[in-house]
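The values are calculated or read from the model by the stated rules, or taken from the named source; none is laboratory data. This structure is a prediction, so every number in the text was calculated from the model and none was measured. Ideal geometry is used to build each Cβ from the backbone, glycine not excepted, and the neighbour counts take in all protein chains shown.
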Amino acid sequence: MKNIYDFTLEQLGDEMESLGQKRYRATQLFIWLYKKKATSFDEMSDVAKSFRDVLKEKYYIYIPKITQKQVAQDGTVKLLVEMQDGINVETVLMPYDYGNSICVSSQVGCAMGCKFCASGLLKRQRSLSAGEMLGQVLAMEQALPTKTVTHIVVMGIGEPFDNYENVLDFIRIANNPKGLEIGARHISVSTCGIVPKILDYANEGLQVNLAISLHAPNNEIRNTLMPINKTYPLEVLIPAVKEYEKITDRRVTFEYIMLKGVNDSLEQAEELAKLVQGMNAYVNLIPYNKVGESPFERTSNNQVHLFADYLKKCGVGVTIRKEFGDDIAAACGQLRAKKEGIIK
Ligand code: SAH
């Protein structure tokens, strides 16, 4: 049995043809699944009963079961949802002025091992399928019937470019006008910097956004924070991002967690400004969310602002990330790590 949510419209067209049907069946199914939010084949009243029986034999419709729900004072909602094999995944909805943004997990655990991140504590168990990523959106919509998801960020647990094909299929289904119909410009993917995939992503012809987890202005510091930097150091990563900008004409975001005494001095701001000089990029400064026994401390708000001002003076676009849900441990991996007893 296959998960019906795993298929892009194109792939579902192929499936229908292989069952001796016309391709338009796929569009019909998409409309039932994503527009009318059908949760069983029997609801699909304009599909002949005999063909519904065929569908039921080949495919299943499963929306992940909500096993925990936390609502923060600021309206952030965090869910732990259970996939068919019993594995639990985190997903978070953040209310912005411009809409509701869901943060989707792309893997169960993560193999990248960034030193400041709770997800790495969980190791990578497996990647999620496109349908399991869509399932997070559908589960969130079921949990919050009055809210519509308008934006998607693939910034939850996992490294999306370590699960490239499934993430891309997920985006295609989310973006399809017959699917969830979320505009490409409302979809962002965040990567720790897997260079070959950045270049593949540039050539997909999608108008989706890209964020790079940079977190350091030089290799020396980045090597200590992010093991991936040993494989794709800055002299490889930065030209790839420039190439991405050239191909897509899209502005890239550099994420930069402010870690006290590690990467937050004004000299480091200067180094960072030089690194991104000449790019149509901007830097998103992220207040650090301390997890478990982490050796890192958060930079003071005052220093974050001085750092931001310095970057601005150098002509670098900069924003300071708004924090959500700090009363419900909404940082990556925290909820699941707690459930598994890995952090308190
Ligand atoms: N693997 C991808 C996406 C998941 S992490 C990536 O590396 O981009 C999403 C973002 O949250 C990344 O920028 C990551 O570095 C950041 N992050 C991880 N742990 C954090 C913490 N404890 N506090 C603040 N940001 C964190």
Count of residues meeting criterion [surrounded by fewer than 22 Cβ atoms within 10 Å (Cβ to Cβ) and modelled with pLDDT under 95] in segment 156-184: 0
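Table: residues versus (1) touching a Ser or Thr at 6+ places or on another chain (Cβ under 6 Å); (2) within 19 Å of GLY99 (Cα to Cα); (3) away from the ligand (no atom under 16 Å from the Cβ).
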| position | (1), (2), (3) |
| --- | --- |
| VAL154 | yes, yes, no |
| ASN166 | yes, no, no |
| ASP169 | yes, no, yes |
| PRO177 | no, yes, yes |
| LEU180 | no, yes, yes |
| ALA184 | no, yes, yes |
So, in segment 137-152, how many residues would count as being more than 14 Å from the ligand (Cβ to nearest atom) and either aliphatic (A, V, I, L, M) or crowded, with 21+ Cβ neighbours inside 10 Å (or both)? 7
Look through segment 1-44, keep the residues that are of a type in the set (S, T, N, Q) and within 17 Å of ILE182 (Cα to Cα), and return whichever of them is nearest to the chain's Cα centre (by Cα). THR8
Does any residue in segment 274-302 that is within 25 Å of VAL241 (Cβ to Cβ) come within less than 6 Å, Cβ to Cβ, of a residue that is surrounded by fewer than 17 Cβ atoms within 10 Å (Cβ to Cβ) and hydroxyl-bearing (Ser, Thr, Tyr) six or more places away or on a different chain, and which pairs are these? ASN284/THR319
Can you name the strands (runs of 3 or more DSSP E) wholly within segment 65-133 that have at least 3 residues being buried (at least 23 other Cβ atoms within 10 Å of the Cβ)? 77-82, 88-96
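Does MET83 satisfy being in contact with an Asp or Glu (Cβ under 7 Å, 6 or more places away or on another chain), in the same structural domain as MET258 (by TED's automatic domain parsing) and under 29 Å from GLU15 (Cβ atoms)?
Answer is yes for this residue.
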Here the residues within segment 164-179 that are within 14 Å of MET133 (Cα to Cα) and out of contact with any Lys or Arg (no Cβ under 9 Å at 6 or more places or on another chain) are GLU165, ASN166, VAL167, LEU168, ASP169, PHE170, ILE171, ARG172, ILE173, ALA174, ASN175
